[in-house]
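Okay, so here's the structure we're looking at.
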Amino acid sequence: MFALVRDISEDISHCELTHLDRVPIDLGLARAQHEGYVGALKGLGCTILALESGPEMPDGVFVEDAALVLDELGIITRPGAGSRRTELDSVAAALGQHMELARIEPPGTLDGGDILRIGRRLFVGGSSRSNLAGREQLADIAGRLGYTMQTVDLVDCLHLKSACSVIDRDTILANQHWVDPTVFDVPEVIHVPEEEPFAANILAIEGRLLVSAEAPGTISLLESRGHEVVPVANSELAKAEGGLTCCSIIWK
Ligand code: CIR
């Protein structure tokens, strides 16, 4: 298993923000927490491929948005925020050493954080970042490989995966105020506690769940359902609207 990650730009204080007010980010703490995250990925068996950031990519740590990796190929996206397109070439160069690549072309925009995959079904958030042209291009590329694609409406959140994540192919974790989880047609939906609206962004790897350490209610809930949880501190990148899926692209 490989995990592509990128270090945190010294200019993260100029990150894109959509739903949160700007508050100071402690860069030292953010980098220490990111090291913890990368350590957790290693602990779960990932070989880490690390890219460098820089002042020209304040949001570069959120590599998930720059590409989607399917079993058959990688798709380099075209993020809806113009400031984030500086991230694409380095992600394409890294992934291109491991897989065939397709690209989302103008006028399409698509953020990886909007794409949730359950088996051969892709769900894409109709967010401010992923437009119709981008979603249609994804449907076309993935459709040729036998994937179905469905657009999902969002309320008040940045990306589809801000609102929900896959625990396993039968189970979704969701904030039902931001997305209607019945669209996924899975046997079980676990709802995050009301007081932890951002906690639905978790990263499932080989049956274990990376969950924000700042979401104790969600951790208890998942553990009470028999899931193995790996808590990961993420207080600083959360101020940049980043969660746990955002900081890696994982493939086998
Ligand atoms: C942005 O607004 O683009 C970044 N500040 C946060 C991106 C988070 N990425 C993700 O949820 N996949």
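With the crude spin-label approximation of a point 7 Å out along Cα→Cβ, what separation in nm comes out for Leu101 versus His14?
Once both label points are built, they end up 2.5 nm from each other.
Using the Cα gyration tensor of the range 118-167, with a ≥ b ≥ c the square roots of its eigenvalues, what is the shape: rounded (a/c below 1.5), prolate (a/b larger than b/c) or oblate (neither)? Display every interim value, and only then the final one.
Details: a/c = 3.10, a/b = 1.35, b/c = 2.29.
Oblate, since a/c reaches 1.5 and b/c is not below a/b.
Return the lysines within reach of Lys239: Cα separation strictly under 24 angstrom, same-chain partners fewer than 8 residues apart disregarded; answer none if there are no such residues.
Partners within reach: Lys161.
Shape of the range 27-91 from its Cα gyration tensor (a ≥ b ≥ c, root eigenvalues): rounded if a/c is under 1.5, otherwise prolate when a/b > b/c, or oblate? List each step's numbers first, then the result.
Numbers: a/c = 2.51, a/b = 1.15, b/c = 2.18.
Taking the square roots of the gyration eigenvalues as a ≥ b ≥ c, the range 27-91 is oblate.
Using mean Cβ contacts within 10 Å as the protection proxy, how do 217-225, 168-176, 239-247 order, highest first? Working shown, then result.
Working: 217-225: 16.2, 168-176: 18.4, 239-247: 24.1.
The most tightly packed comes first, giving 239-247, 168-176, 217-225.
How would you rank Phe123, Phe62, Phe184, going from fewest to most other Cβ atoms within 10 Å of each one's own Cβ? If you can, show how the numbers build up before the last one.
Working: Phe123 22, Phe62 30, Phe184 19.
Taking fewest neighbouring Cβ atoms as first place, the list is Phe184, Phe123, Phe62.
Based only on other Cβ atoms within 10 Å, what is the fewest-to-most ordering of Arg31, Arg120, Arg6, Arg135?
Numbers: Arg31 16, Arg120 12, Arg6 26, Arg135 23.
Fewest-to-most Cβ neighbours within 10 Å comes out as Arg120, Arg31, Arg135, Arg6.
Applying the Karplus parametrisation 6.51 cos²θ - 1.76 cosθ + 1.60 with θ = phi - 60° to the phi angles of the range 62-68, what ³J(HN,Hα) value in whole Hz is obtained for each residue in order, glycine and proline being reported as x?
Rounded to whole hertz, the list is 8, 4, 3, 6, 8, 6, 10.
Using a cut-off of 17 Å between alpha-carbon atoms, which aspartates and glutamates can reach Lys252, once sequence neighbours fewer than 8 places away in the same chain are excluded?
Partners found: Glu64, Asp71, Glu72, Glu100, Asp168, Glu206.
Shape verdict for the chain, please, from the Cα gyration tensor: rounded (a/c under 1.5), prolate (a/b greater than b/c) or oblate.
rounded
Bear in mind these aren't lab numbers, they're just calculated from the coordinates by the rules spelled out. These numbers were taken from a predicted model, which means no experiment stands behind them. Backbone-built Cβ (ideal geometry, glycine too); neighbour counts: all protein chains shown.
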